[in-house]
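The values are calculated or read from the model by the stated rules, or taken from the named source; none is laboratory data. The shown structure was predicted, so the numbers you read here are calculated from the model rather than taken from an experiment. Glycine also receives a Cβ, built like all others from the backbone with ideal geometry; neighbour counts cover every protein chain displayed.
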Amino acid sequence: MTDRTVVVTALGVLSPLGRGPEATYDAALAGRSGITRQPDGGLAARVCGPDEPAPVRDSDGRPLRGRATALAVTAGRDALRDVEPGSVDLVVGTTMGEPSWIDTWPDHEAAQVPVPAARARELLAGTPEALAASVASELGVGGRVAAVGGACAAGNFALARALDVVRSGRSPRVLAGGVDAFSRTALTGFARLGALAADGCRPFGLDRQGLVLGEGAAFLLVESLASARARGAEPLAELAGAGLSCDAHHPTSPHPEGAGAARAVRAALADAGLAPDDVGWVSAHGTGTPANDRAEVLALRAVFTGHQPPASSVKSLSGHGLGAASAIEAVLAVQALRSGCLPPTWHVGEQDPDCAWDVLTDGPRPLTRDVVLNQAYAFGGCNAVTVLRRAS
């Protein structure tokens, strides 16, 4: 490690698999699914139990607190448990912002044109920037606050920004991650695209149908090694690199040969000063959609021409948490580096020959190298890959 080394020193996560990095990682290893059948007959992965956020409106219909805000604050507080939040920057990655207000409008108001003034104010309160401001206010963050998009790769985009901020010396520590709450707006959109699975998410499976919509929040405390040493914090992992690219190929489909994804992987490895042979595991985007899974494997084949690191996707258990997904998966990557054990892809069934790769499907496996690649590939060809390395 050098003076430019950036490390992860704390984790906070709230997902359909549980609260906290240990509970979430244990569920991923054991195959405990957070996907359930909903009252309307569809599948979804929701945060439930004692950590489920409270209702967002009072008995008179007045807005209280958005569900995305509640998820993010819970995960953020866990990550900030041992640090003064006034000294921290915040970067929030999100796909939908705060959907709670429009999601709770009566149907006749949602279709009304023009939107009533009170509802227009709620729309403004639902933007990504407003969500980030709400989270910062509740956490007491005293540094700079930013919201980043990148659709379903937003969590990795947030981590990439945090890496740049800390490396450049603009801030010694940044709380970065992603959040999205379950939303009827997102559910309707994916349903209209025909991207939802009717009977389960099977990444890289021959009979995969699509994704299962999820939700959640995860934040990582990212800081310089000097900052961590000064306050006596133990590095959990090194955030070694990030790579971004954009296909600009299609509004919803990836480049058919995975060209943009491959560029992001190469850029991330180059940023980390690493070679493909250094990678011990690929935490795959693995949504279970036919086009995404195939393109992701083609990208891996383009980059890894010799050594083939095993890959797996947790979305068969957690659902697709949109902007939270790659942040949740970054937490799992840190846990895998610390424990030396890789979570598999559960419920794949027969693997698609078009997705021929060493996809972990037969249970956990030991991690044999010190580097993990965390991949996120979103609509519009928004590609973001982060590299995490075992702390030395």
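Brief remarks follow.
- Of all residues making up segment 228-268, the number that are basic (Lys, Arg) and touching a Cys at 6+ places or on another chain (Cβ under 8 Å): 0
- Filter result (buried (at least 24 other Cβ atoms within 10 Å of the Cβ) and part of a helix (DSSP H, G or I)) within segment 74-108: Ala75, Gly76, Ala79, Ser100
- Flag for Val334 being aliphatic (A, V, I, L, M), outside any helix (DSSP H, G or I) and closer than 27 Å to Gly150 by Cβ: no
Table: residues versus (1) without any contact (Cβ under 8 Å) to a residue 40 or more places away in the chain; (2) in the same structural domain as Leu225 (by TED's automatic domain parsing); (3) surrounded by 20 or more Cβ atoms within 10 Å (Cβ to Cβ).
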position: Leu124; (1), (2), (3): yes, yes, no
position: Leu139; (1), (2), (3): no, yes, yes
position: Gly142; (1), (2), (3): no, yes, no
position: Ala147; (1), (2), (3): no, yes, yes
position: Cys152; (1), (2), (3): no, yes, yes
position: Gly155; (1), (2), (3): no, yes, yes
position: Leu159; (1), (2), (3): no, yes, yes
position: Val165; (1), (2), (3): no, yes, yes
position: Ser168; (1), (2), (3): yes, yes, no
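- Of everything in segment 144-158 that is over 16 Å from Gly381 (Cα atoms) and part of a strand (DSSP E or B), the residue that is farthest from the chain's Cα centre (by Cα) is Val145.
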